[in-house]
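Heads up, the thing below is written out as structure tokens.
The values are calculated or read from the model by the stated rules, or taken from the named source; none is laboratory data. Every value quoted in this text rests on a predicted model; they were computed, and no experiment measured them. Neighbour counts run over all protein chains shown; Cβ positions are idealised from the backbone, glycine included. Areas reflect the complete protein model, heavy atoms only, side chains present, ligands, DNA and RNA absent. Shrake-Rupley method; radii C 1.70, N 1.55, O 1.52, S 1.80 Å.
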Amino acid sequence: MLAFIVILIVIGLIVGLIARLLVPGRDSIGLLGTILLGIVGSFVGGFLQQLIEFHHLEVTHFAATGFIGSIIGAIVLLLILRVTGLEPGHGRSRSRSRGRTRTSARRRWS
């Protein structure tokens, strides 16, 4: 069981790193985020493979897919994180604080 967890972490790290290298731009998700990206990307790749092969998606069936499918799933997940703004360091709270600073700076100079 311990060997499975170690292998899962190592494969997750490799897949996450490859996905981050293939998608242009900066990602501030760190090492743990990269490992989780690779692991969850494997399951997303499994869902996509089921959808393409069998033309239906079973939510009750969790399946990890091969190495290439894992990379594709991690890329899809990374793009979804970027589009939704749920990526750490790129959330809504950051844009709100910028707006407040500009407003307070305008008030000082008025």
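Numbers below:
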| read-out | value |
| --- | --- |
| All positions within the stretch 13-25 that are surrounded by 16 or more Cβ atoms within 10 Å (Cβ to Cβ) and within 18 Å of Ile80 (Cα to Cα) | Val15, Gly16, Leu17, Ile18, Ala19, Arg20 |
| Residues satisfying the stated conditions in the stretch 26-49, i.e. in contact (Cβ under 8 Å) with a residue 12 or more places away in the chain, open to solvent by 60 Å² or more (accessible area, probe 1.4 Å) and of a type outside the set (A, V, I, L, M) | Ser28, Phe43, Gln49 |
